[in-house]
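The values are calculated or read from the model by the stated rules, or taken from the named source; none is laboratory data. Being a predicted model, the structure only gives us computed values, none of them experimental. Backbone-built Cβ (ideal geometry, glycine too); neighbour counts: all protein chains shown.
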Amino acid sequence: MSDPTNADKKAESTENRGGAEPSSLSQPSAESDIAQPEPFTELENLYAENAGLKDKLLRALAEVENVRRRAEREIADAKTYGVANFAREMLSFADNLRRAIESVPEGARAEPAVASLLEGVDVMERDFLARLARFGVRKIDAKGARFDPNQHEALFEIPDET
């Protein structure tokens, strides 16, 4: 605790110097103001930093949500268009089965071996088309119909010379 004799000695030393207190004790110096910032300024800085961090957090969360949505959309597109590409490739196989059936001349169809083979290819074609139909792939009869870009795909153009 404080000793009363020490307080008396300090008072005497102050009186010995002419009664003037040193300027460092009576007025805070400019250096001490810099070293210890105002509490309100520090609080404002913390609020600003907090607001900045909240903004960064919200932006990061929004980015994560956007990445999640984009990934879901890409997965859905891959399923949709992946199946479409596969189906397109399988359609060429179905076309080849039809060509194989149509390539057999009428005279050769009477032979038992050829008729049996032809029947097997025909069964394969029907089964294959039924399996494609289960997945929504069906034949569009477009012969003689007007071109509809929603249903048809133009492979090439032939000039009409009529």
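Tally time: how many residues in the range 128-162 are surrounded by 10 or more Cβ atoms within 10 Å (Cβ to Cβ) and not in a loop (DSSP other than H, G, I, E, B)?
Selection size over the range 128-162: 5.
Please verify whether the range 115-124 includes one or more residues that are of a type in the set (S, T, N, Q) and part of a loop (DSSP other than H, G, I, E, B). Steps first, answer last, please.
Pass one, the range 115-124, residues of a type in the set (S, T, N, Q): 116.
Next, from what is left, pick out any that are part of a loop (DSSP other than H, G, I, E, B): none.
No: zero hits.
Name the pairs whose Cβ atoms lie under 8 Å apart, with the first residue in the range 135-162 and under 18 Å from TYR81 (Cβ atoms), the second small (Gly, Ala, Ser) and part of a loop (DSSP other than H, G, I, E, B), and 6 or more positions between them or separate chains?
Going by the 8 Å Cβ cut-off, the qualifying pairs are GLN151/ALA142.
Being among the acidic types (Asp, Glu) and surrounded by 10 or more Cβ atoms within 10 Å (Cβ to Cβ) is the filter here; which residues of the range 56-106 pass it?
Kept after step one, since they are among the acidic types (Asp, Glu), are these residues of the range 56-106: 63, 65, 72, 74, 77, 89, 95, 102, 106.
Passing the criteria: GLU63, GLU65, GLU72, GLU74, ASP77, ASP95.
Mind listing whichever residues of the range 80-106 are over 47 Å from the mean Cα position of the chain (by Cα), among the charged types (D, E, K, R) and assigned to a helix (DSSP H, G or I)?
GLU102
Name, by its number, the condition in (1) at pLDDT 55 or above; (2) among the hydroxyl-bearing types (Ser, Thr, Tyr); (3) loosely packed, with under 10 Cβ neighbours inside 10 Å that does not hold for SER2.
SER2 satisfies all of (1) at pLDDT 55 or above; (2) among the hydroxyl-bearing types (Ser, Thr, Tyr); (3) loosely packed, with under 10 Cβ neighbours inside 10 Å except (1).
At pLDDT 90 or above and among the basic types (Lys, Arg): does that describe ARG17? So that I can check it myself, show each step before the final result.
On the way: at pLDDT 90 or above: no; among the basic types (Lys, Arg): yes.
Answer is no for this residue.
When residues of the range 40-85 are filtered for being closer than 30 Å to LEU132 by Cβ and of a type in the set (S, T, N, Q), how many remain? Walk me through how you get there before you give the answer.
The initial filter retains those residues of the range 40-85 that are closer than 30 Å to LEU132 by Cβ, namely 71-85.
Adding the requirement that they be of a type in the set (S, T, N, Q) leaves 80, 85.
Summing the residues that are closer than 30 Å to LEU132 by Cβ and of a type in the set (S, T, N, Q) in the range 40-85 gives 2.
Residue check: is ARG109 touching a Leu at 6+ places or on another chain (Cβ under 9 Å) and either of a type in the set (Val, Ile, Thr) or outside any helix (DSSP H, G or I) (or both)?
Taking the combined requirement at face value, the residue does not satisfy it.
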